[in-house]
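The values are calculated or read from the model by the stated rules, or taken from the named source; none is laboratory data. Keep in mind that what you see is a predicted model, and the values were worked out from it rather than measured. Virtual Cβ from ideal backbone geometry, glycine too; neighbours counted across all protein chains shown. Keep in mind that these areas ignore ligands, DNA and RNA; they rest on the heavy atoms of the full protein, side chains included. Shrake-Rupley method; radii C 1.70, N 1.55, O 1.52, S 1.80 Å.
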Amino acid sequence: MTQEIETKRVALITGASKGIGRLCAERLAAEGWRVFGAARTHATIENVESLEMDVDDDASVAAGVAQVLEKAGRLDALINNAGFSQRGAVEDVSMAEAKAILETNFFGALRLCRAAAPALRESRGVIVNMSSLAGQIGLPFTAHYCASKAALEALSESLRFELRPFGVRVVIVEPGDFKTDIHTARRVSQATREGVYGKAFDLFLRKRRAFEAKASTAEPVAELVARILNVPEPALRYVVAMPSQRLLLVMKRVSPQFFYEWIMRKILCQ
Ligand SMILES: NC(=O)c1ccc[n+]([C@@H]2O[C@H](COP(=O)([O-])OP(=O)(O)OC[C@H]3O[C@@H](n4cnc5c(N)ncnc54)[C@H](OP(=O)(O)O)[C@@H]3O)[C@@H](O)[C@H]2O)c1
C-alpha cells in the first residue's frame, strides 16, 4: 500500500478523552496539527482522531502507535498525559493498588516513549511528559502518585540525554492544581479513613479540597504544551501553577529543610 506522507505536524496525546489531554488535543488541532487523541473511552472532539488505547497494555500501545503511523506516516509530538490520582497512607495502600498507579502514570508513559521513539527520531520530534508539582514535592497520603511522577521525571531526564543527538526534545510539564475530573475520580483509601491515620487523613483531604476548589480550568496547561512544541531548544522542566503553589517549589529549593517542612505541615497537616 502506498502511504501518503502527512504534511501537517502530527501529535499523539494520551488521556485525551477529557481534562488536560482533551484541552491539549483541541488546542493543537486549532493550531493546525493533525491530532490523534488516545484513551480507553472514545471521545468525539472536533478535528481530533480518536484512538482507543489502554496505556497499561503493551499490545494496545503498540497497535495505537502503529495506527498513527499507518494513517499519518509520521509522528512529531508525543504527549504522555494519561494518568490518575490516589490518596492513602503508605501502610494502607495495597501492593496491587501501588502497582496499578505506577503502571499507568509511569510504565504507561514509558511504553509510549519506547513505541514512539523510532518515529520521533525520524521527525526530530518532541516528547512532553505530563508530571505534576507532586513529581518534585512529596505530599502526605499521596506517596504512590508522587512516586509515579518522580519516576516519570527521572525517566524524562535520562531519555532527554539519549534522544538529544537525534534532535528529539524531551520535556516535563508540572501542573499545580487544575479543575478536572482527576479530583473526583481519585481513588481514596477506605482503610486509611477508618484506621489510625483517619483523623490526620480527613484533615489533609479537607485542606487539599480547599486548594482544589480554588483551581482554575486547565487551559493554561494546554497553552503551555502548545508553546513548548514550537520551542527549538525547550527547557527540561516547565511549571504551570498558582503563585502560592509555585512558591512552595522555590521554598523547597532555598529554605532549610526544617523550615520547609514546618510550612508544609502548617499548610497540609494542622
Ligand atoms: N488536574 C490536575 O490538577 C493535575 C495536576 C497535576 C498533574 N496532572 C496530570 O495531568 C494528567 C491529566 O490529568 P487530568 O487532570 O486531565 O485528569 P482526568 O480529567 O481524570 O483525565 C485523565 C485522562 O487519562 C486517561 N486515562 C487514565 N488511565 C488511562 C489508561 N490506562 N490508558 C489510557 N488513558 C487513560 C483518561 O481516559 P479514559 O479513562 O477514557 O481512559 C482521561 O482521558 C495526569 O497525568 C495527571 O496526573 C493533573
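Just order 256-265, 196-205 by mean Cβ neighbour count inside 10 Å, highest at the front, would you?
Details: 256-265: 12.0, 196-205: 15.1.
Top to bottom by mean Cβ count within 10 Å: 196-205, 256-265.
Any chance you could run the full-extension gain for Glu97 through Lys266? It's 0.36 nm times the residue separation minus the Cα-Cα distance, nm to one decimal. Before the final figure, lay out each step's value.
Working: separation 169, 0.36 × 169 = 60.84 nm, distance 2.88 nm.
Extending this stretch completely gives an extra 58.0 nm.
Under a 1.4 angstrom probe, counting protein chains only, how are Val240, Val250 ranked by accessible area, largest first? Provide the component values of the computation, followed by the final result.
Values: Val240 15, Val250 70 Å².
Ranking Val240, Val250 by accessible area, largest first, yields Val250, Val240.
Calculated from DSSP H runs of 4 or more alone, at -39500 (n - 2.57) each and per residue, what is the 222 nm mean residue ellipticity of the chain, nearest 500? Walk me through the numbers on the way to the answer.
Numbers: 11 runs with 130 residues, N = 270.
Value at 222 nm, helices only: -15000 deg cm²/dmol.
Between Val240 and residues 5 or more places away or on another chain, which pairs have amide H atoms under 5 Å apart, with H built 1.01 Å from N, and which residues are they?
Glu174, Gly176
How much length is gained if the chain between Phe161 and Arg124 is pulled fully straight, taking 0.36 nm per residue apart and subtracting their Cα-Cα distance, in nm to one decimal?
11.9 nm
If you count, for each residue, the other Cβ atoms within 10 Å and average over each peptide, how do 222-229, 207-214 line up from highest to lowest? Please list the in-between numbers first.
Working: 222-229: 19.2, 207-214: 13.4.
Going by the mean number of other Cβ atoms within 10 Å, highest first, we get 222-229, 207-214.
For the residue pair Asp57 and Asp202, what label-to-label distance in nm results when each label sits 7 Å from Cα along the Cα-to-beta-carbon direction?
4.1 nm
Let me check against my output: what whole-number percent is the relative contact order of the stretch 10-242, with C-alpha pairs under 8 Å and at least 6 apart? Walk me through the intermediate numbers first.
Values: 443 pairs, mean separation 48.9, N = 233.
Rounded, it is 21 percent for the stretch 10-242.
Assuming 0.36 nm per residue, please report the length gained on full extension of the stretch Glu233 to Ser255 beyond their Cα-Cα distance. Walk me through the numbers before you get to the answer.
Numbers: separation 22, 0.36 × 22 = 7.92 nm, distance 3.02 nm.
That works out to 4.9 nm of additional length.
Using the charge dipole of the chain (Lys, Arg: +1 at Cβ; Asp, Glu: -1 at Cβ; taken about the Cα centre), state which of Val65, Gly138, Ala116 has its Cα farthest towards the positive end.
Toward the positive end, the furthest listed residue is Gly138.
With only Lys, Arg, Asp and Glu charged, each at its Cβ (+1 for the first two, -1 for the last two), find how big the charge dipole of the stretch 10-242 is about the Cα centre; round to the nearest 20 debye.
Numbers: 29 positive and 28 negative charges, 101 e Å.
Dipole magnitude for the stretch 10-242 comes out near 480 debye.
Is any helix in the chain, taking whole DSSP H runs, at least 20 angstrom long along its axis by alpha carbon and on average at least -0.5 on the Kyte-Doolittle scale, and which ones? Working shown, then result.
Working: long enough: 58-72 (21 Å, 0.65); 143-163 (29 Å, 0.18); 198-213 (22 Å, -0.46).
Length and hydropathy pass: 58-72, 143-163, 198-213.
Express in whole angstrom the spacing between the alpha-carbon centres of the stretch 199-270 and the stretch 53-82.
The two parts, judged by their Cα centres, are 30 Å apart.
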